[in-house]
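The values are calculated or read from the model by the stated rules, or taken from the named source; none is laboratory data. What you see is a predicted model; the values in this text were computed from it and never measured. Methodologically, a virtual Cβ is constructed for each residue, glycine included, from the backbone with ideal geometry; neighbour enumeration extends over all protein chains shown. With ligands, DNA and RNA removed, areas are computed over all heavy atoms of the protein, side chains included. Shrake-Rupley method; radii C 1.70, N 1.55, O 1.52, S 1.80 Å.
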Amino acid sequence: MASGTALIYDEEMTTHKLLWSDPVCDIEVPERLSSSYEQLKRYHLVERCVLVPAREGSEEEILLVHSSEHVEVAKSTQTMNEEELKRASGNYDAFFFHPNTYRCARLAVGATLQLVDAVMSGQVCNGMALVRPPGHHSQRNAANGFCLFNNVAIAAEYAKLKYGLQRILIVDWDVHHGQGTQYIFEEDPRVLYFSWHRYEHQEFWPSLKESDYDAVGLGKGKGFNINLPWNKVGMGNSDYLAAFFHVLLPMAFEFDPELVLVSSGYDSGIGDPEGQMNATPEVFAHLTHFLMQLANGKLCVILEGGYHLKSLSESVCMTVKTLLGDPVPQVSGEMAPCLSAIESIQNVRAAHKPYWKWLMYEDTSFLQNLSTKSHLLMKTNTNPSTEHESKMTNNDETAKVERFLELHMKNILFAVPPIKTAATTDFKGSAHLPPVPIHLVKEMDRIEIKALVSGFYADLVKEDKTLLSLRSMLAVLDKILKKEVCNGIAESPTSSVSVAVALRHSVRFGFQRVLCIFVGDMQIIPNTEDGKTLMIHICEKEHFALLLKDAEGNDFFSAVLGFILPVAYSYQPDLTVIAVGPNRSLGISGISLLFALLQGLAESRIFAVIEDTEINLMQSVAKALVGASTPHFGVYVPPTQEKVNKIRKLRDQFQQEWKMLQCS
């Protein structure tokens, strides 16, 4: 099983720079690369990565996507003087040449392919390539929007050719539409391309009709091109997460990619002068964490845009920390997508309904009268003096965001516990565990446990047998509560009592919001700690609060992505407890994926209480907690109409309370 994270950086890519003044291009500076790399060093992340050298992409590799005329033009700029470079640049929209641009662009291509090779060969599990110039606007025959060669598109063609891949997912979270990538793959069902982008009803660059939600692909590629247009600025963390829950993740799990490539532009982050969005760096950790659950963890992140240096470098670090398997920080801000985001999500779902099984029974309809239509700002011609003023305000704004991020990162970053996963010494799975590093904890002393229980839990614990099982459970839980370990697993013959004690114990310890998910048939002991726990029960019988009946097989995705994750993210727990009991309707791979997905919450503090001592289940949950890639789910089967309707009813019932449930 591959492990490790590749990092690719070559200082030579900073030699591509603008030699004259151009207000459109002057934000694409070499420091975008060097400041990101410096910040990775400051966080001591570089030394934890597998450093892979960049190489030049060969002409043959570039020709997988681009025309020979395009390559010849690029090549000819190497010997041009400044005047000639200026003229050549003027033939393209928002692009500049430097004598070393061709060499840097070849290094950007080669670095991206080195990353694909490292991941596909199993040398590493995942990785990031810090490259310049970026790629996703560049088309077969033309440079465009700072991009000369389309690094990610070349990588997808290369992976199809070299590794015979049939399903590649490209996620483009840059704030501009990657129209170059769309044009290259719009007829290809082997590449699923997802892009969200600032659009403002076609007012924002590249201002194309085909960047809207109804451009779904052509011919055999219909349904494999997903555009999510943002029709206003100021989108934040909850809008991005809602787009993942209600559009991208269900499609991605149905598509079942063999490799995930990210066109990773951070101009969709806070403070960026291009994007003007409000998403903070940690949201990219959450998005990365979700994508790591696909394609057996084979994930390649390739830098695109990002023009506020502090916002860019912090976001790059959050992405790399997550690739390395560090726990994800709590996501900040109110968890409620804005009306405009919900409208865009609804239209994308409606446009793609004919092509995707998961949408087959979803209630989708197009919205014509969008709330943002009336607020469209009339573009006025700016005169030179206002342009000068706006530059001044921009500089003030940049400094303000820098100060904000300085504080914000201090607030959200936390000391990672020295140990990832704990279990007790009597843990049955331990003898049969794959070689995953699980820390074994001694169970609590009998006298200590008796004193504790008689004080607080006497009403719950009546028998000695129960008392014994609590010794193991509380020993592991205490390590999690004291932040000595990240997560843990305990067996319990009486999981319902164990969970009731665990919940009360956690609240007594000072935790304000505990999420508890029950899987299978078990008696749920009513919780007395007012408003400090949220319970969700996935079971056969319909008898409990937030209830998901019988979410087996692939109904699992509509239950987890359409309901559990949005509720959990709306709630923002400090601790997640997942109890697995008998007669569960969820298979082992489903349970493992549930554990993996929920590690994005509560700084990855998860406690597993398992009644069923089936070795395979124990091993699978232990692997998920340690951070091994989740098992393959098998062939996608669509949810039944009855199940979709049930989830929808639950969504309608609870979406006022838990706003992340809103998708229409």
Helices (runs of 4 or more DSSP H) fully within the stretch 367-460 counting 3 or more residues that are at pLDDT 75 or above and exposed (fewer than 11 other Cβ atoms within 10 Å of the Cβ): 384-412
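For (1) open to solvent by less than 50 Å² (accessible area, probe 1.4 Å); (2) β-branched (Val, Ile, Thr); (3) touching a Gly at 6+ places or on another chain (Cβ under 6 Å), each residue gets a yes or a no:
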{"site": "10", "(1), (2), (3)": "yes, no, no"}
{"site": "24", "(1), (2), (3)": "no, yes, no"}
{"site": "57", "(1), (2), (3)": "yes, no, yes"}
{"site": "63", "(1), (2), (3)": "no, no, no"}
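Here's the yes/no breakdown for (1) modelled with pLDDT of 95 or more; (2) crowded, with 22+ Cβ neighbours inside 10 Å; (3) small (Gly, Ala, Ser):
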{"site": "201", "(1), (2), (3)": "yes, no, no"}
{"site": "205", "(1), (2), (3)": "yes, no, no"}
{"site": "208", "(1), (2), (3)": "yes, no, no"}
{"site": "211", "(1), (2), (3)": "yes, yes, yes"}
{"site": "221", "(1), (2), (3)": "yes, no, yes"}
{"site": "226", "(1), (2), (3)": "yes, yes, no"}
{"site": "245", "(1), (2), (3)": "yes, yes, no"}
Counted residues, the stretch 103-126 - those being open to solvent by 10 Å² or more (accessible area, probe 1.4 Å) and out of contact with any strand residue (DSSP E or B) (no Cβ under 8 Å at 6 or more places or on another chain): 5
The stretch 287-326: number of residues that are part of a loop (DSSP other than H, G, I, E, B), open to solvent by 10 Å² or more (accessible area, probe 1.4 Å), farther than 26 Å from residue 231 by Cβ and not basic (Lys, Arg): 5
Lone qualifier among 239, 272 - being surrounded by 23 or more Cβ atoms within 10 Å (Cβ to Cβ) and touching a strand residue (DSSP E or B) at 6+ places or on another chain (Cβ under 8 Å): 239
Residue that is farthest from residue 213 (Cα to Cα), among those in the stretch 302-333 that are more than 18 Å from the chain's Cα centre (by Cα) and of a type outside the set (A, V, I, L, M): 310
Hits in the stretch 486-521 (condition: of a type in the set (A, V, I, L, M), open to solvent by less than 20 Å² (accessible area, probe 1.4 Å) and either more than 19 Å from residue 421 (Cα to Cα) or touching a Leu at 6+ places or on another chain (Cβ under 9 Å) (or both)): 489, 490, 500, 501, 502, 503, 507, 514, 515, 517, 519
Hits in the stretch 176-187 - residues which are out of contact with any His (no Cβ under 6 Å at 6 or more places or on another chain) and open to solvent by less than 20 Å² (accessible area, probe 1.4 Å): 179, 182, 184, 185
Count of residues meeting criterion [in contact with a Phe, Trp or Tyr (Cβ under 7 Å, 6 or more places away or on another chain) and either outside any helix (DSSP H, G or I) or within 23 Å of residue 28 (Cα to Cα) (or both)] in the stretch 114-136: 4
Matching option when the condition is on the phi > 0 side of the Ramachandran plot and modelled with pLDDT of 95 or more, among 94, 105, 6: 94
Residues (under 26 Å from the mean Cα position of the chain (by Cα) and either assigned to a helix (DSSP H, G or I) or without any contact (Cβ under 8 Å) to a residue 24 or more places away in the chain (or both)) located in the stretch 23-40: 31, 32, 33, 34, 35, 36, 37, 38, 39, 40
Those helices (runs of 4 or more DSSP H) lying entirely in the stretch 53-109 with at least 3 residues more than 14 Å from residue 19 (Cα to Cα) and of a type in the set (Gly, Ala, Ser): 68-76
Subset of the stretch 190-214 (residues that are in contact with an Asp or Glu (Cβ under 8 Å, 6 or more places away or on another chain) and in a loop (DSSP other than H, G, I, E, B)): 199, 202, 206
Of all residues in the stretch 611-649 being in contact (Cβ under 8 Å) with a residue 40 or more places away in the chain, open to solvent by less than 20 Å² (accessible area, probe 1.4 Å) and aliphatic (A, V, I, L, M), the one that is farthest from residue 345 (Cα to Cα): 618
Residue among 479, 483 that alone is closer than 19 Å to residue 437 by Cα, in a helix (DSSP H, G or I) and either of a type outside the set (Asp, Glu) or open to solvent by less than 10 Å² (accessible area, probe 1.4 Å) (or both): 479
Unique residue being among the hydroxyl-bearing types (Ser, Thr, Tyr), over 37 Å from the mean Cα position of the chain (by Cα) and modelled with pLDDT of 95 or more when the list is 76, 89, 58: 76
